[in-house]
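Asks: Sending over a structure as structure tokens; questions will come in a sec.
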Amino acid sequence: MEKVNLGVIGTGARAGLVRTMITDEKKRGDIVALCDVNPDHLSRFEKMVETGLGHGTSNYSDYHDLLDDEKVDAVLISTPDFLHHEMAIEAFNAGKHVFLEKPVGINLEQMIEIVRAAQNADTILEIGYVLRYAPFFVGMKQLIDSGEIGTPLFAQALEEYYGAFHFYRGWWKSREHVGGIMIQKICHDMDLHYWFFGKPRKVVAFESLMDFKPGGWDSDALNCDDCQNPCPYYTKAEGSRTGTNECVYNAPHDISDNTQILVQFESGLNLSMGMNFFNARGQSDRHWKVVGSKAELSGRLSTGMVRIDPRHDTNMQNTRYLKFTSGTGGHGGGDALQILEFLDGILEGHEAKAGIESAYWSSILIMGAQKSADEGEIVEIADLTRKYPFPG
Ligand SMILES: NC(=O)c1ccc[n+]([C@@H]2O[C@H](COP(=O)([O-])OP(=O)(O)OC[C@H]3O[C@@H](n4cnc5c(N)ncnc54)[C@H](O)[C@@H]3O)[C@@H](O)[C@H]2O)c1
């Protein structure tokens, strides 16, 4: 195969990821087929392909028809989370390579069935864990693996996301659709933790809804049209990310807005990870700190800078700063790279970086955290892996 023919299932916001295929000098792939139940999204995407690649696409409203299309080698599944399970399994059954947006299903049962289908298939699975491609996290991984900081002994991570108000609108606002805010949002971070520190031993987590609830803003309106006191999240339905303008405070939803998670890894390393959506806009970022036996590294994704402080640097003269070019585009530059690396994997016949193993372990970890918060208990990872063993 010289070029991969890609079909896109779900032509909403995230599917824009494929834009780098349009500008890709190596022309690794072509976008040949589209599927969406929303005709406006479909035709907008069709126009983008026509303008960028100079040709039309086969368009479908039923994803089964796209999967039956023999010219399609691989699919990007970028539909709402609750559809990932059935679509990924059907795609593997149809013999396609699969780029599945995160999360890997919305619960452990769905995740294990997706992973099993991927194991049984002769094709590649890549999960949309785009941060594995961001130069900042690639750099951190290299530093940890190089031994420069010694043995990782302790870690802290924090995600603050000002732009998360869409979680209280449209399909995003319901646990039935996303499985829970940890599974939806910080599955990315848990995948990185697994990548950096290996297998987890136990996890405990708390979540709550502190701000995006009635009383969070002085208004009783259920949507922006009826609001007399517009908040900073005011929007028209048309043009909003979700196509709706439900009040992020008052419209019914069951998604939390902050969490704290504690994980102990098999190495003994203890990690704490926090996340909240009501941070100051200027603080929106991912912050990381890893304390090793020889040195400590810390940094924030937005700057691409990592600081390394040797442990016994008595004069404090040897602090080093490394800048990992964050490239262009979202997620620290990862958005521009991941789809191309997925295509390289297909063309060169190698496993994806965020492949089957990462799909399994990151989900065990984040779904374990969600279970802990839901049930109020410490979750022993061995109990989960006994009940949901890695297939194969
Ligand atoms: N990796 C990341 O960092 C990242 C970032 C954003 C979103 N995502 C994930 O990408 C996915 C899509 O998110 P989005 O922001 O594009 O959402 P979106 O709502 O903008 O797009 C989803 C699209 O799927 C379409 N759709 C719904 N049901 C369908 C069906 N049965 N068949 C075909 N199409 C259908 C919708 O009409 C819409 O166009 C989600 O799973 C989300 O979690 C990942």
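Asks: Please tell me which of these pairs span more than 24 angstrom C-alpha to C-alpha: Lys47/Lys185; Lys141/Lys323; Lys96/Lys173; Lys213/Lys236; Lys26/Lys141; Lys3/Lys96?
Replies: Lys47/Lys185; Lys96/Lys173; Lys26/Lys141
Asks: For segment 125-282, what is Rg from Cα atoms divided by 2.2 N^0.38 Å, rounded to two decimals?
Replies: Normalised by 2.2 N^0.38 Å, the Cα Rg of segment 125-282 equals 1.22.
Asks: Same structure again: Test of understanding: express the Cα radius of gyration of segment 235-392 as a ratio to 2.2 N^0.38 Å, with N the residue count.
Replies: 1.35
Asks: Most exposed first by the Cβ proxy, i.e. fewest other Cβ within 10 Å, how do Tyr129, Tyr60, Tyr249 rank?
Replies: Starting with the residue having the fewest Cβ neighbours, the order is Tyr60, Tyr249, Tyr129.
Asks: Grab the DSSP H runs of the chain that are 4 residues or longer, score each as -39,500 (n - 2.57), total them, divide by all residues and round the 222 nm result to the nearest 500 deg cm²/dmol.
Replies: Estimated from H runs of four or more residues: -9500 deg cm²/dmol.
Asks: Evaluate the distance, in nm, between pseudo-label points positioned 7 Å from the Cα of Arg201 and of Arg386 along their respective Cα→Cβ axes.
Replies: 1.7 nm
Asks: Using θ = phi - 60° and the Karplus curve 6.51 cos²θ - 1.76 cosθ + 1.60, what whole-Hz ³J(HN,Hα) does each residue of segment 354-361 get, with Gly and Pro shown as x?
Replies: Result, ordered by residue: 9, x, 4, 5, 5, 4, 6, 6 Hz.
Asks: For the modelled label position 7 Å from the Cα of Asp254 along Cα-to-Cβ, which residues of segment 205-236 have backbone nitrogen atoms closer than 17 Å?
Replies: Counting backbone N atoms under 17 Å from the label point, the list is 207-210, 213-214.
Asks: Any idea which of Ser78, Ala88, Ile22 is furthest toward the positive side of the dipole for segment 19-93, if Lys and Arg beta-carbons carry +1 and Asp and Glu beta-carbons -1?
Replies: My answer, from the dipole projection, is Ile22.
Asks: If you rank Ile31, Ile89 by fewest surrounding Cβ atoms within 10 Å, what's the result?
Replies: Ile89, Ile31
Asks: Sticking with this one: Please name which of Ile127, Val37, His193 has its Cα lying farthest along the dipole of the chain towards the positive end, using unit charges on Cβ (Lys, Arg +1; Asp, Glu -1) and the Cα centre as origin.
Replies: Going by the charge dipole, the pick is His193.
Asks: In segment 15-71, what GluC sites (Glu not before Pro) fall in a loop by DSSP, with at most 14 other Cβ atoms inside 10 Å?
Replies: Glu25, Glu70
Asks: Separate question: No solvent, one uniform scatterer per C-alpha: report log10 I(q)/I(0) for the chain via the Debye equation at q = 0.09, 0.14 1/Å, two decimals.
Replies: Once normalised to I(0) and log-transformed, intensities are -0.55, -1.32.
Asks: Moving on to the next point. Please list the non-local residues whose amide H lies under 5 Å from the amide H of Phe154, H modeled 1.01 Å from N, same-chain partners needing a gap of 5 or more.
Replies: Residues meeting the amide H criterion: Val291.
Asks: Quote the FRET efficiency, to the nearest 0.05, computed for Ser58 versus Glu176 with a Förster distance R0 of 41 Å and r equal to the Cβ-Cβ distance.
Replies: Computed FRET efficiency for Ser58 and Glu176: 0.80.
Asks: For segment 102-109, just list the computed ³J(HN,Hα) in residue order, Karplus coefficients 6.51, -1.76 and 1.60, θ = phi - 60°, integers in Hz, with x standing in for Gly and Pro.
Replies: Calculated HN-Hα couplings, in order: 5, x, 7, x, 10, 7, 5, 4 Hz.
Asks: Using a cut-off of 15 Å between alpha-carbon atoms, which aspartates and glutamates can reach Lys294, once sequence neighbours fewer than 8 places away in the same chain are excluded?
Replies: Asp145, Glu148, Asp309, Asp313
Asks: Can you give me the convex hull volume of the Cα atoms of segment 1-126, divided per residue and expressed in Å³?
Replies: 94 Å³
Asks: Size of the dipole of the chain about the Cα centre, Lys and Arg at +1 and Asp and Glu at -1 on the beta carbon, nothing else charged, in debye to 20?
Replies: 1360 debye
Asks: Starting from the Cα of Glu375, step 7 Å along the direction of its Cβ; do the same at Asp218; then give the gap between the two resulting points in nm.
Replies: Distance between label points: 4.5 nm.
Asks: A further question on this structure: Can you pull the Rg over Rh of segment 295-345, Cα-only, Kirkwood?
Replies: Radius of gyration relative to Kirkwood radius: 1.20.
Asks: Multiply the residue gap between Asp122 and Leu262 by 0.36 nm, knock off their C-alpha separation, and tell me the result in nm, one decimal place.
Replies: Answer, rounded to one decimal: 46.7 nm.
Asks: On full extension of the chain, what length is gained from Leu322 through Phe278, given 0.36 nm per residue of separation minus the C-alpha to C-alpha distance?
Replies: Result: 12.8 nm gained on full extension.
Asks: Roughly how many whole Å is it from the C-alpha centroid of segment 280-355 to that of segment 17-80?
Replies: A separation of 31 Å, based on Cα centres.
Asks: Then there is this: Please state the relative contact order of the chain as a whole percent: Cα pairs under 8 Å, 6+ residues apart?
Replies: Once normalised by length, the contact order is 21 percent.
Here, each number is a calculation from the coordinates, and none is a lab measurement. In this text the structure is predicted, and so the values were computed from the model without any measurement. Because the Cβ atoms are built from the backbone with ideal geometry, glycine has one as well, and the counts that use them run over all protein chains shown.
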